[in-house]
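Everything below concerns the one structure shown next.
The values are calculated or read from the model by the stated rules, or taken from the named source; none is laboratory data. Note that the structure is predicted; figures quoted are calculated from it, not measured. Note: ideal-geometry Cβ built from the backbone for every residue, glycine included; neighbour counts use all protein chains shown.
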2 protein chains.
Amino acid sequence: MNGGQARPTIKTICAMTGLSTATVSKALRQSPEVRPETRAIVEEAARKVGYSTNLHGVQLRTGKTYQVAILMTTPTSDLVEWEGVEYAQLLSGISHAMEGTRYRVALYPIRDYNEAQDTVRRIIRNRLADGVIFSGTRPDDGRVRLLQEADFPFVTYGTTEAHAPHAFVDSDNEGIVRTAMQRLFDRGHRRIALINPGEHLSYGRTRLATYQDMLKSAGIDYDPALVAHGILTPGFGREQVMIMHALKDPPTAYICANEASALGALSGFAACGLVHGRDAVINATDDLNVSAYFTPPLTTFYLPITRPAELLGRHILKVMAGEPPERLQTLLMPDLIERSDDRLRTIERP
Amino acid sequence: MNGGQARPTIKTICAMTGLSTATVSKALRQSPEVRPETRAIVEEAARKVGYSTNLHGVQLRTGKTYQVAILMTTPTSDLVEWEGVEYAQLLSGISHAMEGTRYRVALYPIRDYNEAQDTVRRIIRNRLADGVIFSGTRPDDGRVRLLQEADFPFVTYGTTEAHAPHAFVDSDNEGIVRTAMQRLFDRGHRRIALINPGEHLSYGRTRLATYQDMLKSAGIDYDPALVAHGILTPGFGREQVMIMHALKDPPTAYICANEASALGALSGFAACGLVHGRDAVINATDDLNVSAYFTPPLTTFYLPITRPAELLGRHILKVMAGEPPERLQTLLMPDLIERSDDRLRTIERP
DNA sequence: ATCAAAAATATAAACGTTTACATTTGCCAA
DNA sequence: TTGGCAAATGTAAACGTTTATATTTTTGAT
């Protein structure tokens, strides 16, 4: 499998140069303890035989794994829907941020929150990685607790509330909802629906709290019937539109927390005979710029997912290098892309 | 970081049981050389201290990495579009197939074909993994060549032509296009457009060849203006519809190779004032069941991506175990889901 | 030239596992 | 009892690296 000759090791270079393993090892790592001339000799020899360090030796000796574990939420049922599609770009962004380092991204598929905690425990206990990245944070998050107790490097995609400061990246959900609501108020809307993720998720909570806050300052009563919590698939978006449209006083605007549920909401419009822009409007948050291709295109808060992804990668490298997490907290505000005017049309109702 | 006491090793168990490292090692691996009673003692001790094997030791000693490298195509430009979104599910499916084994999925982000080849070379040379999985195969594929020369285990998502047999998983593109074309013929269509991936890709070639074949047997002349090759983003689908609709004799049906381009095609319909079902129809291939939520829902060939994904994982495990690749070649035929009747409406044209 | 101190290099052990080989144990037939 | 053999266990080396410590070399002041 390797064409005959074994892979060169430090000993190969020792034999070539007459130096000791210690010196060669140090030279290869640019240690100031070795003379520049010596280092040059070592580097030349290394180049000649095509030496590259065997990570397994390093890992065993140092205990470092040079792996960053990414907990990847995977579909819970056989029914595959358009969920978590932005994960691919997230992973590639993180991987790119790792280029040029020894670190590799290792995937840990998890089905739910409990499995995620078990996996985190296993990673800590068996030191399967040097750092962990995960998303879907909760205000009081068991994974954060475990990692902080173990003093284990990690970065979350999403915020928490009940914990000591830790590194995170998130989109500015408060800013998004605030801006979206104000814009809809300005255009005459008073019945605004919120299509939200599961209640336990931080970003859902943030969105809801901001939503309630904005209603209050506009003097509008909070109506729980206009808020839906669930897994943000197209199916969910569609279903919620159909439910809410059947209300006595249906919403005239929908704020969807992702592009998938927004697509489903549009599908629900079609199913109910609603016309977007006439009967009601939909606003979305979009990581993939896909809502530009919906019919009709939607007004959206667009944050290319590569941006948070790269930040997650850069942050975890810094956390692993020992940088204090307080400085590694980033909120990103998406761009508002207005693709429809979204003004409230006065509709005659019985 | 580890709460004081060091992680238990084989030596820990030796100390507890009075056995030698060799015996303990063998006992832990269920070797028949050790008496069942002895093994029981070892297992009990292991359980007690919560022993788990340190992979780094194994890796160094055996040379195995217990990593499966996945070459992940990542966006080439800053413009993030809805491309490669099914990758997330692909990764999670593969990871799930690995559960219960020592193997982990490690991600190698690559920007293009050349980088993929370099990465493959590096993986082989430095033995960064025990197996490789990649997609986007070409009829004569440099990566396949490299891996076969090195006798390195791999599975492709997609077929090749110019190589010795190797393990692969793919959807039955010939079957898809054949069925789709026949169905459209049956419904009166004669001007059928093909929205295809890049020409160099195997599955694009297969689709085109089948397309031409079907045209021929139906006695219809091949018109290159009805075939588009490109990166299958929504933007591409939209653009191609707009171009083809401007033809003297525009298509009455579009066959899109994925859900993203189909969404874009629908968007193109809206932009041109075309009505789906009246002026023309769109058929798609869909890994994510998302075209059910388009407006209108599209007729589609649906293969939940988890199926090929799990197969890729199972196949690579078998290839690494030494099973001959001839038996590890799977073509999957998606289900045809008819969401519109797609009959040709006679349209008055000037 | 001598010597101490500093700089550079060498020695050897260690990380945790597997495995070739050696040794011991248990068993059975003679 | 002895010898022989198979089964079970033990010994020790090896995988490739890093690093504490020891040794050698160089430097510079005297």
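Evaluate the stretch B:153-169: report whether one residue or more is out of contact with any helix residue (DSSP H, G or I) (no Cβ under 6 Å at 6 or more places or on another chain), of a type in the set (Val, Ile, Thr) and within 14 Å of chain A (Cβ to nearest Cβ).
Checked against the condition, which is being out of contact with any helix residue (DSSP H, G or I) (no Cβ under 6 Å at 6 or more places or on another chain), of a type in the set (Val, Ile, Thr) and within 14 Å of chain A (Cβ to nearest Cβ), the stretch B:153-169 yields no hits at all.
What number of residues within the stretch A:263-285 satisfy the criterion of being more than 10 Å from chain B (Cβ to nearest Cβ) and closer than 23 Å to A:Leu91 by Cβ?
Final tally of qualifying residues: 2.
Can you tell me which residue within the stretch B:31-45, out of those that are within 11 Å of DNA strand C (Cβ to nearest atom) and loosely packed, with under 15 Cβ neighbours inside 10 Å, is farthest from the chain's Cα centre (by Cα)?
This residue is B:Arg35.
Quick one: would you say B:Leu331 is in a strand (DSSP E or B) and either in contact (Cβ under 8 Å) with a residue 60 or more places away in the chain or under 25 Å from the mean Cα position of the chain (by Cα) (or both)?
When the stated conditions are applied, B:Leu331 passes them.
Of the numbered conditions (1) part of a helix (DSSP H, G or I); (2) within 26 Å of A:Arg278 (Cα to Cα), A:Gly188 satisfies every one except a single condition; which is it?
That leaves (1) as the condition not met.
Hey, among the residues in the stretch B:121-145 that are farther than 24 Å from A:Val105 by Cα and surrounded by fewer than 21 Cβ atoms within 10 Å (Cβ to Cβ), which one's farthest from the other protein chains (Cβ to nearest Cβ)?
B:Pro139
Quickly run through the stretch B:46-63 and pick out the residues that are more than 9 Å from DNA strand C (Cβ to nearest atom) and either surrounded by fewer than 21 Cβ atoms within 10 Å (Cβ to Cβ) or modelled with pLDDT under 95 (or both).
Within the stretch B:46-63, B:Arg47, B:Lys48, B:Val49, B:Gly50, B:Gly63 meet the criteria.
Out of the residues in the stretch A:82-120 meeting the condition of being part of a helix (DSSP H, G or I) and within 24 Å of A:Val58 (Cα to Cα), tell me which one is farthest from the other protein chains (Cβ to nearest Cβ).
In this case the residue turns out to be A:Val120.
So, in the stretch B:183-222, of the ones that are in contact with a Phe, Trp or Tyr (Cβ under 6 Å, 6 or more places away or on another chain) and surrounded by fewer than 22 Cβ atoms within 10 Å (Cβ to Cβ), which residue ends up farthest from B:Arg143 (Cα to Cα)?
The selected residue is B:Ala218.
Give B:Leu232, B:Leu208, B:Leu247 a once-over and let me know the one that is assigned to a loop (DSSP other than H, G, I, E, B) and either under 28 Å from B:Tyr87 (Cβ atoms) or not assigned by TED's automatic domain parsing to the domain that holds B:Leu184 (or both).
Being assigned to a loop (DSSP other than H, G, I, E, B) and either under 28 Å from B:Tyr87 (Cβ atoms) or not assigned by TED's automatic domain parsing to the domain that holds B:Leu184 (or both) holds for just one of B:Leu232, B:Leu208, B:Leu247, which is B:Leu232.
In this structure, does B:Gly158 turn out to be closer than 30 Å to B:Thr252 by Cα, touching a strand residue (DSSP E or B) at 6+ places or on another chain (Cβ under 6 Å) and outside the structural domain of B:Lys248 (by TED's automatic domain parsing)?
yes
Among the residues of the stretch A:306-328, are any closer than 20 Å to A:Tyr211 by Cα, surrounded by 20 or more Cβ atoms within 10 Å (Cβ to Cβ), more than 14 Å from chain B (Cβ to nearest Cβ) and of a type in the set (A, V, I, L, M, F, W, C)?
For the stretch A:306-328, residues closer than 20 Å to A:Tyr211 by Cα, surrounded by 20 or more Cβ atoms within 10 Å (Cβ to Cβ), more than 14 Å from chain B (Cβ to nearest Cβ) and of a type in the set (A, V, I, L, M, F, W, C): absent.
Identify all residues within the stretch B:1-28 that are closer than 23 Å to A:Thr65 by Cβ, more than 8 Å from DNA strand D (Cβ to nearest atom) and surrounded by 11 or more Cβ atoms within 10 Å (Cβ to Cβ); write none if there are none.
Matches in the stretch B:1-28: B:Asn2, B:Arg7, B:Pro8, B:Thr9, B:Ile10, B:Thr12, B:Ile13, B:Leu28.
Which one is farthest from the other protein chains (Cβ to nearest Cβ), of the residues in the stretch B:286-301 that are assigned to a strand (DSSP E or B) and β-branched (Val, Ile, Thr)?
Per the stated criteria, the residue is B:Thr299.
Please go through the stretch B:123-144 and give me each residue that is assigned to a helix (DSSP H, G or I) and closer than 22 Å to B:Ala321 by Cα, ordered by number.
B:Ile123, B:Ile124, B:Arg125, B:Arg143, B:Val144
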